[in-house]
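See structure below.
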Amino acid sequence: MIPLKKVLLLDPDERTMEKTALRLSVLDLQVLKAASVSEALGLWGEGNPDLVVADWPLPDGYPGTAFQAKLARGAVPVVFCLSPDETAPVPDGLVTVPKQDRQELINLVGRLLAEVPPPPGGGRGDKPARQILIIEDSPTLRGILRRTLEKAFPADVIREAVEGRQALAEMSQKKVDLIITDLEMPGMDGATFLGHLKKTPLLARKPILIFSGNITEALVEQAAPLPNVRFLRKPAAPERVAMEVAQLLGS
């Protein structure tokens, strides 16, 4: 099984740290919690995190300076949480989010971790890892689907998008071997997304699982020109999703 990605969470307020860690759990991560810089350095020494979430500003002096140096050398994404009453200037280039906006933090962490390369050895024997793209605006359901697929297809790479426009951007930059999409989403909904796929011959041949509670005859007719589409009505057991994906992939 692919190991869980690690997020190092540094927050001196243990109450808010626990709340943030609970919200991050929907992304199926290993959250390393540190209430002090010294504790964060110790946890980092036990295993490199894939991403760091820390309060801003960072403390001065040692061990604050040592932690800042670690961030500079670590080559991992860093998200800084800003308190509403914080007046310290934020240097250009830092990725920040309001500390009280935990949903925006979840969305940002999910996007950044999706860009972290998978661990080596992700292929199936001598075959390259397949790329499965989940398009779903609910972070809870995305987390459930990700966990299910990572367990069922440990050698493959699972990627995520919140709505159709973001999915098209993902597909324009990286290969996608299978798509799982909801229909009712903010921004570009699933029906509009399918319309874009039909206009592009290469994308139109991709296996697609439409996973929605709003599957209609009109939608089935709209998807008919796409040669490799299955429909699965919500709610459905995660194991059923994995079975449909396996059949679409031929594995």
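The values are calculated or read from the model by the stated rules, or taken from the named source; none is laboratory data. These numbers come from a predicted model, not from an experiment. Glycine gets a Cβ as well: all are built from the backbone with ideal geometry, and neighbour counts include every protein chain shown.
Values for this structure:
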item	result
Of the criteria (1) modelled with pLDDT under 85; (2) outside any loop (DSSP other than H, G, I, E, B), which one P84 fails	(2)
Subset of the range 20-38 [within 20 Å of L4 (Cβ to Cβ) and either of a type outside the set (A, V, I, L, M) or without any contact (Cβ under 8 Å) to a residue 12 or more places away in the chain (or both)]	T20, L22, R23, S25, D28, Q30, K33
First in the range 193-211 and outside the structural domain of R230 (by TED's automatic domain parsing) and at negative phi, second anywhere and of a type outside the set (F, W, Y) and part of a helix (DSSP H, G or I), Cβ under 9 Å, 6 or more apart	none
Selection status of V78, aliphatic (A, V, I, L, M), touching a Leu at 6+ places or on another chain (Cβ under 8 Å), surrounded by fewer than 17 Cβ atoms within 10 Å (Cβ to Cβ) and within 29 Å of P139 (Cα to Cα)	no
Residue in the range 164-184 that is farthest from the chain's Cα centre (by Cα), counting only those that are closer than 18 Å to V220 by Cα and among the aliphatic types (A, V, I, L, M)	L183
Failed item, numbered, when I215 is tested on (1) buried (at least 16 other Cβ atoms within 10 Å of the Cβ); (2) without any contact (Cβ under 8 Å) to a residue 12 or more places away in the chain	(2)
Residue, surrounded by the fewest Cβ atoms within 10 Å (Cβ to Cβ), within the range 1-54, restricted to residues that are among the acidic types (D, E) and farther than 29 Å from L149 by Cα	E14
Hits in the range 213-233 - residues which are in contact with a helix residue (DSSP H, G or I) (Cβ under 9 Å, 6 or more places away or on another chain), under 17 Å from L248 (Cα atoms) and outside any loop (DSSP other than H, G, I, E, B)	A223, V229, R230, F231, L232
Any hit, the range 46-61, residues being farther than 30 Å from F153 by Cα and touching a Ser or Thr at 6+ places or on another chain (Cβ under 7 Å)	yes
